[in-house]
Every structure is written in structure tokens, then in C-alpha cells.
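Beneath this line is the structure, given in C-alpha cells, with notes to follow.
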Amino acid sequence: MASDQGKKRVAVIGGGSAGMSCAAALAQHPDKFSVILFEAAAHICGQAASIDIDESKHGASWLNDGVQGGSAIFRHTFGFFRRYGHEPQEVKLQASFGKRRDSFWTNVFPSHLVDELSQEIKKLGRVLKWIKYLLPILGLMPVKILLRLFRFSRDFSNKTVLPLLALPMYPVPSSERETEPEHFDELALCAQADDAKKLLGKHATWREKFILEGVRFYNDITVTHSDSKYFQSIFENRFQMALCADATTPSRKDQVLFATSEPQCRKDGWIGFQPMHFVHSFPSDPDKIEMGFDCTNYQHQFRSNIGEGNPPQEQDRHVFQTIFLNDQEKQLWMIDQIKEDKIIGKKWWHQWGHRWSHYLRVNMHEVACVSGIAAAYRLGATYDSDGFGEFAEDFFSKYLLLAHGVRYKPNKQSRCIGASL
Ligand SMILES: Cc1cc2nc3c(=O)[nH]c(=O)nc-3n(C[C@H](O)[C@H](O)[C@H](O)COP(=O)(O)OP(=O)(O)OC[C@H]3O[C@@H](n4cnc5c(N)ncnc54)[C@H](O)[C@@H]3O)c2cc1C
């Protein structure tokens, strides 16, 4: 049914990345759609939000306290940034996994653990090729089972692969207000699965129930703080010769030279070992992890205030974020060790994970954007292939087929314009 001067009235529920992407894709057709976006929280952005911090103390006035970053394959995410005038800032990510010689490794310099597990790392490269081809079958399996199936050792799984899987999270919104009833032709639900299920109630179809019930939620907490002593007690954030394996090849020599250089700020990261992303596995339960970010090293606003070529801020001025996962495993958490007077903020998140019976774990900012665009596409919006590029278009078409069972039809008109330029 079309109304509003021949336009379809669409209600987009949820102003996170998915909802905003959906609304933005629909808004490209002002002749076809009249779009209203509803957000329950006091601000839009959902999990991709920022908070204010004290610039005089920490060297920047704001901080991303949810989504921290994305990889170069996040074409839709960065496409939207550019479309709305925010140039994405590149960062050369330095990661630090584990603590002490037997479990520490990094992407910055050679480590003993990586040397010990080098055969399994090579094997993982071969296995990943198979996984790529057999994605529809193997994608249904949890990573832990996949690793066991291919006979990887527990040490390899717990110390290298599982820490790489950053666990994503969701916040718990709540808002009740009396409003005038409004009528819409279409509804795009871009809220969390459990909220969407509640909203649909008895109107949910079996397919909607199947999808929305296939998601399990966990409660996690992020603590944003400046307790550098706590951070150092959990993670390796300084170069130590004892952690470094022999520089046996020219490329390893270069890595060690880089890691041991006097730390210096660059627009896109740091010279010297200045890690940004940390993972710690609990020795008593090695497949459970605590994650951390040194936001001062990671987020560009701090670096741009420090200035290229300058040394880092003192550790006590750094802003860290520690993520404690799954409150049912609270007994592992060391949250009480963070000094109260160093805490900038605490935030609870409602995190989801797919059960083995469902599809892939897809809780990434990019997938949220693609899911929103896909919802808009299903309602009749065209896909902006020129704006996002070929790689993004291919990803979108696969998502559409996998998640919606719908084949993507390229927008011939925009292709012809592109071809004639
Ligand atoms: C701490 C943290 C760090 C993360 N880091 C990264 C990262 O570095 N890289 C990455 O790729 N991903 C990261 N993620 C995951 C990423 O944030 C999410 O995949 C993505 O932002 C989800 O977007 P969304 O729109 O689906 O959901 P959300 O952002 O949760 O948005 C849903 C919105 O719906 C609203 N809503 C719910 N119910 C209603 C209702 N009834 N009416 C109106 N509005 C409603 C909510 O308030 C919310 O704003 C992180 C997540 C968290 C929590």
C-alpha cells in the first residue's frame, strides 16, 4: 500500500548502524519512500557511540567507547563515513596477546610462542583455504569444534586462534513513552534480536522466530579507566627482550628494530612497540578471555593531539578499556582490581552469539550496515554500487543470498552511467 503522496511510509526501528544504514539507503529515493527512524535511547548510534572525556587529563575530549575500529574490508562502513563527510583514519594495529614468555605473541615482533606453533600456523593457512570453499557447511560450526576437527592442539586454539576472535556485544536499551499512533506501510526492525522478537510478539512468523531465537545473549561490562598498573598486570604493553624470539632473518631483524625504536607518534599509528588491542586468557580456564584496548594508542584523536614525531603520553594519562565478558563467569573477572578513582565509566552491554545450529557469528559493524542496506533493498531501494565499489557489492550480494535467500540484481542504470564516464 502506498500513501503520503504516493510514497511508502517506512518505520525504521533502531538508530544503530543497521537502522541508520537502512534509513540512509531508503532516503536515496525521496520520490519513493518517506522514512522515519525511531530510537529508544537518548542518542542514536547504538553500540557505535562516543563519550566525552577530560581533555586536560587524557589528551583528547572524546572517546569511542563501543565500536573501536574495523578492517579495510569494511567498505560499506567507510563508504557511509565518506558520504557524510567523515574521512576514516587509518591505523597500523599493534596487538598483544597473552602474558609472559609461554603465552605472549604479537604481530609486531617475533615471539617464542609463534616459533613453537609455527607448523600449526602454516597448517591453519591451508585449512582456511578449505574453509573458504566449504563456507556454507563449515560456517555452521563453532570455531572451537572446527579446530578440533582439523586436529589443532588445545594450546594452539587457546593461545592463538581464540584470542583473535574479538567477542562482540550489545547494549540493553529501555524506553517507554506515550505517543500518538502512527501508520506505516512497512516496518524495518533494526533492533537487537530479542527486542525485535518482543516487538513482533505473536505476529512473528515461524521463520522470524527461528532466526530471532537462534541468538543467545550474554551480559558483559566495559570499564573505561586510566589504571595503568592494572592494565600492565594483565597485559604485555612494553617491549621486553625476554619476550622476543631470535632475529634470524632480515625481516625479523626489521621487526625487532621497529619494536625497539624510541616510541614516536605517526598519523597512522606508532613507531616502536605501542600495542592497542590486548587479549588475556585466564590460566584456570584458557578458552575464556579478558579483552583490553589502549584507546590512547589506538584512537586517532589522541595521536592527532600528540602530533607526529612526538613521544607518547605518560602511561597514567592513557585511557584504557577493559571488557569483562559474560556475567555468568563473573568468578573469573578481576574488575575489583581496577582502582575506583581511575574509572572514567562503566557500561553494561547485552552481547549476542549464535548457537552452533545457526549461521556464522556476524556481529561486526560492517555486517550491521550491510543488514540495514539489505532491508532497504528488500523494500525496493537500489544498491549504491558506484558509491560502495565492487568488493562491497560482491559482499552484499552474498549476504543477501545467505541471509534473505534473495538474488541480487545489479542496478543496470547506475552501471551504464559508470561505464560511459
Ligand atoms: C563494546 C563494543 C565494542 C565493539 N567493537 C567493535 C569493533 O571494534 N568493530 C566492529 O566491527 N564491531 C564492534 N562491535 C560490534 C558492533 O558495534 C555491532 O555489530 C553494531 O554496531 C551493531 O549495530 P546494530 O545497528 O545492529 O545494533 P545497535 O548498535 O545495538 O543498535 C540497535 C539500536 O536499536 C535501538 N532499539 C532497540 N529497541 C528499540 C525499540 N523498541 N525502539 C527503538 N529503538 C530501539 C537501540 O537503542 C539501539 O540504538 C562492538 C560492540 C560493542 C558493544
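Quick notes on this structure:
- Test: residue in segment 3-11 that is away from the ligand (no atom under 15 Å from the Cβ), surrounded by 18 or more Cβ atoms within 10 Å (Cβ to Cβ) and assigned to a helix (DSSP H, G or I): no
- Scanning segment 182-200 for residues that are away from the ligand (no atom under 12 Å from the Cβ) and surrounded by fewer than 17 Cβ atoms within 10 Å (Cβ to Cβ) gives Glu182, His183, Asp185.
- Matching strands (runs of 3 or more DSSP E) fully within segment 32-111 where at least 1 residues are closer than 21 Å to Glu290 by Cα and within 13 Å of the ligand (Cβ to nearest atom): 62-64, 95-97
- Residue ID - nearest to Thr77 (Cα to Cα), chosen from residues in segment 12-31 that are within 12 Å of the ligand (Cβ to nearest atom) and assigned to a loop (DSSP other than H, G, I, E, B): Gly16
- Annotation: Gln328 fulfils all but one of (1) in a helix (DSSP H, G or I); (2) surrounded by 15 or more Cβ atoms within 10 Å (Cβ to Cβ); the unmet one is (2).
Residue-by-condition table, conditions (1) within 16 Å of the ligand (Cβ to nearest atom); (2) under 29 Å from Ser284 (Cβ atoms); (3) at pLDDT below 95:
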position	(1), (2), (3)
Asn305	no, no, no
Asn310	no, no, no
Arg317	no, no, no
Phe324	yes, yes, yes
Asp327	yes, yes, yes
Gln331	no, yes, yes
Ile338	no, yes, no
Lys342	no, yes, no
His350	yes, yes, yes
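- Taken over segment 307-337, the criterion of being more than 22 Å from Ile51 (Cα to Cα) and basic (Lys, Arg) is satisfied by Lys330 alone.
- Within the option set Arg238, Arg266, Arg252, Arg317, being touching a helix residue (DSSP H, G or I) at 6+ places or on another chain (Cβ under 7 Å), touching a residue at least 12 places away in the same chain (Cβ under 8 Å) and in the same structural domain as Pro110 (by the TED database) holds for one residue only, Arg317.
- Among (1) at pLDDT 95 or above; (2) within 16 Å of the ligand (Cβ to nearest atom) - the single one Pro263 does not satisfy: (2)
- Residue count for segment 22-53, restricted to those that are touching a Lys or Arg at 6+ places or on another chain (Cβ under 6 Å) and more than 25 Å from Glu393 (Cβ to Cβ): 1
- Candidates His225, His203, filtered to the one that is at pLDDT 80 or above and assigned by the TED database to the domain that holds Ser111: His225
- Segment 29-45: number of residues that are within 17 Å of Glu186 (Cα to Cα) and in contact with a Gly (Cβ under 9 Å, 6 or more places away or on another chain): 7
- Some residue of segment 285-306 being touching a Cys at 6+ places or on another chain (Cβ under 6 Å) and in the same structural domain as His225 (by the TED database): yes
Conditions tested, residue by residue: (1) surrounded by fewer than 20 Cβ atoms within 10 Å (Cβ to Cβ); (2) in contact with a Gly (Cβ under 8 Å, 6 or more places away or on another chain); (3) not polar (S, T, N, Q).
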| residue | (1), (2), (3) |
| --- | --- |
| Lys209 | yes, no, yes |
| Leu212 | yes, no, yes |
| Ile221 | yes, no, yes |
| Arg238 | yes, no, yes |
| Ala245 | yes, no, yes |
| Thr248 | yes, no, no |
| Pro263 | yes, yes, yes |
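- Some residue of segment 54-61 being assigned by the TED database to the domain that holds Gly307, loosely packed, with under 15 Cβ neighbours inside 10 Å, in contact with a Phe, Trp or Tyr (Cβ under 9 Å, 6 or more places away or on another chain) and among the charged types (D, E, K, R): no
- Checking Glu180, Glu186 one by one, the residue that is among the charged types (D, E, K, R) and modelled with pLDDT under 80 is Glu180 and no other.
The values are calculated or read from the model by the stated rules, or taken from the named source; none is laboratory data. Bear in mind the structure is a predicted one, so any value in this text is a computation, not a measurement. No Cβ is skipped: glycine too gets one built from the backbone with ideal geometry, and neighbour counts run over all protein chains shown.
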